[in-house]
Amino acid sequence: MVLDDASAEFHEFFERHYAELARLARMLTGETDAADDLASDALVALWQHWDRLRQADHPLAYARGVVANLARGRIRSAVRERLRITLFWSRSPEKVEGPDVAAVLDVRAALARLPFRKRACVVLRHAFDLSEKDTAAALGISVGTVKSQTSKGMAELERILGARAVGDLVAGRRNR
């Protein structure tokens, strides 16, 4: 199969960034199964506009923004669905699957309690090590908003998890 230049560039972009985009979707939604779907949907959307995007300065930042928007939509949809379900059924506690340790579960639960924009800023800045500028580009917001939302998000995590736990998380990130 012979690929034209645009197809080859997109294939290379896909191979290089798919895993990262799926990881971002996983961290934003907390859903492993949905992460691959969201990353795939984002890449389909990028492919539809690839002729224009391939000439952009930062197509990855745009891709991250698409993933964040798709994750936001999925979360909103899930919240609406849960509200409908609770009208008819009582919810039982969710089961935890996999080999997760208690600290990871605590962080996931604390992140889930943050509003989407704060969670997205904290995840992109601290889990993905993006700069404030790159985070702003990915979310389509100003650098100042990234700074304030990250600061407020970290303060909320400190309140939820305790200052020592958040300090350990940030220190662990620096030691990677």
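The values are calculated or read from the model by the stated rules, or taken from the named source; none is laboratory data. All figures in this text were calculated on a predicted structure; none of them were measured in a lab. Side chains included, ligands, DNA and RNA excluded: accessible areas come from the protein's heavy atoms. Shrake-Rupley method; radii C 1.70, N 1.55, O 1.52, S 1.80 Å.
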For this session: Looking only at segment 142-155, decide whether some residue is assigned to a helix (DSSP H, G or I) and modelled with pLDDT under 80.
Result: no
Exercise. So which residues in segment 127-141 are open to solvent by 40 Å² or more (accessible area, probe 1.4 Å) and either not aliphatic (A, V, I, L, M) or not in a helix (DSSP H, G or I) (or both), if there are any at all?
Worked result: Asp129, Ser131, Glu132, Lys133, Asp134, Gly140
Seminar exercise, completed: Scanning segment 26-49 residue by residue, those farther than 18 Å from Val123 by Cα and not hydrophobic (A, V, I, L, M, F, W, C) turn out to be Asp33, Asp37, Ser40, Asp41, Gln48, His49
For this session: Spot the failing condition for Ala34; the list is (1) open to solvent by 80 Å² or more (accessible area, probe 1.4 Å); (2) in a helix (DSSP H, G or I), and only one is missed.
Result: (1)
